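This report concerns only the one structure given below.
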Amino acid sequence: MIRRSKKKPTRSAPFGIGQTSRKGRQRQRKQWRRWFINALMASVLIALPITWWLEYPHRLLSAGQDYLISCLGKCGFQIEDVFIEGRQHTGPDVLAQVINAQRGQPIFAHDLDHLKEKLEKIDWIKGVHIQRRLPDQLYIKITERLPIAIWQHQKTQYLVDRDGVVIHNVKLDQFQQLPLVIGPDAPMHTPKILTLLEKFPKIRERIKALTRVRQRRWDLTFKDSILIKLSEEKPEESLARLSLLIEQGKINAGDVSMVDLRNPKQIVLRLSPEAAVRIKLKGKET
């Protein structure tokens, strides 16, 4: 006898169950989003008072410091005099504007380190020492820069100090006796060449200008327009040879227009036009 197996018919899910699960997931996402926003807002609300509380000691200390300075000022620690020592070229109006100290102000109201930084930003000032001389004096000692040359750059002239620092916004009337230096990198090399020239005073007194050539070496121009070309590697040796020529009377304005000392094994002299004419005429006479 053949038996037929009875298969249970599969039942499909009732209509609406999948749709309901999707709605549940969407509702869960909205709840998570709502919780996240609430947590974020709560964090901000908690952080604000904490931040204020962390800054509170600083604010309290600052307020207490201001109150103490004010009380000390009322007790006689007020500015009556400001003594400035060492000023020669720095304008008094510029100093007064930067210092900004008025009679009757509490003497402890000025931050001396901050005031020192502001003063040292003035072109003329190299260094500053400040101290309170209690109860009522503010003492400021200024070290100004020492100019050693005038730098000509792009049709404008500036001062150069002994450290190679350029001093801007300066009237040059009282510094016309200083030598003129020319070249983009001339200021940083000026102290070295001028120190070297101190060994040769006869050369130094004749110099009108020093030109930095191709940022490598120096040309000297004498007051009588003689051009001197120094060696790049051994400028001191070139100056020694030039000094010997001057002592021997071979470097005269009427005879020589250029002396080339770049080659250590030879000296090239270019005659002035006047000397060339004299020699030519003398040759014809003979």
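Sort out which residues of segment 191-202 are over 27 Å from K121 (Cβ atoms), surrounded by fewer than 19 Cβ atoms within 10 Å (Cβ to Cβ) and either at pLDDT 95 or above or not basic (K, R) (or both), and write them in order of number. Walk me through it before giving the result.
At the first step, the residues of segment 191-202 found to be over 27 Å from K121 (Cβ atoms) are 193, 195-202.
Among the residues that remain, those that are also surrounded by fewer than 19 Cβ atoms within 10 Å (Cβ to Cβ) are: 195-196, 198-202.
Listed by number, the residues that qualify are T195, L196, E198, K199, F200, P201.
Please go through segment 218-255 and give me each residue that is touching a helix residue (DSSP H, G or I) at 6+ places or on another chain (Cβ under 7 Å) and not in a loop (DSSP other than H, G, I, E, B), ordered by number.
Filtering segment 218-255 down to residues touching a helix residue (DSSP H, G or I) at 6+ places or on another chain (Cβ under 7 Å) leaves 218, 228, 230-231, 235-236, 239, 242-243, 246, 251, 254-255.
Matches in segment 218-255: W218, I228, P235, E236, L239, L242, S243, I246.
For segment 208-261, name all the residues that are within 13 Å of G183 (Cβ to Cβ) and β-branched (V, I, T).
T211, V213, T221
Keeping to segment 234-260, report how many residues are touching a Pro at 6+ places or on another chain (Cβ under 8 Å) and over 18 Å from F200 (Cα atoms).
Looking only at that region, the number is 1.
Take segment 201-211 and flag every residue that is under 21 Å from L146 (Cβ atoms) and in contact with a helix residue (DSSP H, G or I) (Cβ under 8 Å, 6 or more places away or on another chain).
R204, I207, L210
Name the one entry in Y158, Y139 that is part of a strand (DSSP E or B), under 22 Å from the mean Cα position of the chain (by Cα) and among the hydroxyl-bearing types (S, T, Y). Explain how you work it out, then say what you get.
Details: Y139 fails: under 22 Å from the mean Cα position of the chain (by Cα).
The match here is Y158.
Within segment 99-139, track down each residue that is crowded, with 16+ Cβ neighbours inside 10 Å, among the aliphatic types (A, V, I, L, M) and modelled with pLDDT of 90 or more.
Selection gives I99, L115, L119, I122, I125, V128, I130, L138.
When the residues of segment 167-190 are narrowed to those that are in a helix (DSSP H, G or I) and out of contact with any strand residue (DSSP E or B) (no Cβ under 7 Å at 6 or more places or on another chain), which ends up surrounded by the most Cβ atoms within 10 Å (Cβ to Cβ)?
Looking at residues that are in a helix (DSSP H, G or I) and out of contact with any strand residue (DSSP E or B) (no Cβ under 7 Å at 6 or more places or on another chain), I get M188.
The values are calculated or read from the model by the stated rules, or taken from the named source; none is laboratory data. Just so it is clear, the model here is predicted, and its values are computed rather than measured. Cβ sites come from the backbone with ideal geometry, for glycine too, and all protein chains shown count toward neighbours.
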